[in-house]
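Below is one structure, written out as structure tokens, with a few remarks after it.
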């Protein structure tokens with residue numbers, strides 16, 4: 001069982017943004033930028049391109065309004081998408097708000113956010129999704 005499956009099951013806490021029958025989105029606890037969100041299928045599949053076509057398509061469709069909510073709530077230039085998939089053996093996409101054209105988009109670069117900031121971001125994005 002991956003750490004993401006434990007998050008989905010509520011065994012590990014998360015700053016949840018959205019959830020439906022097949023997907024779960026939450027703030028990355030080691031964000032590359034303020035609002036960095038992980039979007040995952042509930043199905044535990046390691047490699048994103050091993051997902052069935054319908055689930056791969058629905059993952060992107062599920063992520064779209066979350067990206068728009070990040071844009072509206074946090075005011076970046078736009079929200080970028082990244083698929084790297086090496087750090088956790090569970091398919092996922094990164095939604096990373098881009099605040100300046102020269103922003104380091106590396107997953108190795110982390111920004112420090114306090115717990116209350118993470119809670120505020122998650123609440124604001126959830127409210128925007130309503």
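For region 49-126, the gyration tensor built on C-alpha atoms gives a prolate shape. Its axis ratio a/c (a ≥ b ≥ c) is at least 1.5, and a/b is the larger of a/b and b/c. Under the simplified labelling scheme, the residue 82-residue 2 pair shows an inter-label distance of 1.7 nm, with each label point 7 Å from Cα along Cα→Cβ. Subtracting the Cα-Cα distance of residue 22 and residue 123 from 0.36 nm times their residue separation leaves 34.2 nm of extension gain. Taking the chain as the reference, fit the longest principal axis to its C-alpha atoms, fit the long axis of helix 53-74 to the helix C-alpha atoms, and give the angle between the two in degrees, 0 to 90, nearest 10. Roughly 20 degrees between the two axes. Length available on full extension from residue 56 to residue 130: 0.36 nm per residue minus the Cα-Cα distance, which gives 24.3 nm. Enter the angle in degrees (range 0 to 90, nearest 10) between the Cα long axis of helix 115-129 and the first principal axis of the Cα atoms of the chain, meaning the one along which they spread out most. Compared with the principal axis, the helix lies near 70 degrees. By definition, a body whose alpha carbon gyration tensor gives a ≥ b ≥ c is rounded when a/c is under 1.5, and the chain falls into this rounded group.
Within 10 Å of each residue's Cβ, count the other Cβ atoms and sort 129, 59, 86 from fewest upward.
On the way: 129 15, 59 22, 86 6.
Fewest-to-most ranking of 129, 59, 86: 86, 129, 59.
Label-to-label distance, residue 9 versus residue 105, with points set 7 angstrom from Cα along the beta-carbon direction: 3.6 nm.
Using the count of nearby Cβ atoms within 10 Å as a rough guide to exposure, how do 106, 58 rank from fewest to most?
Numbers: 106 11, 58 17.
The fewest-first ordering by Cβ neighbours comes to 106, 58.
What order do you get for 88-94, 32-38 when each peptide is scored by the mean count of other beta carbon atoms within 10 Å, highest first? Walk me through the numbers on the way to the answer.
Details: 88-94: 19.9, 32-38: 23.9.
Going from most to least packed, we get 32-38, 88-94.
Counted residue by residue at 0.36 nm each, then reduced by the alpha carbon distance between them, the extension gain from residue 114 to residue 46 reaches 21.5 nm.
Can you give the helix-only mean residue ellipticity at 222 nm for the chain, where every DSSP H stretch with n ≥ 4 adds -39500 (n - 2.57) and the sum goes over all residues, rounded to the nearest 500 deg cm²/dmol? Could you put the intermediate results ahead of the total?
On the way: 3 runs with 43 residues, N = 130.
It lands at -10500 deg cm²/dmol.
State, as an integer percentage, the relative contact order of region 3-129 based on alpha-carbon contacts under 8 Å between residues 6 or more apart. Write down the numbers at each step before the final one.
Numbers: 210 pairs, mean separation 38.4, N = 127.
RCO, region 3-129: 30 percent.
No value in this document is a laboratory result; all are computed from the given coordinates. Being a predicted model, the structure only gives us computed values, none of them experimental. Note that each Cβ is placed from the backbone with ideal geometry, even for glycine, and that neighbours are counted across all protein chains shown.
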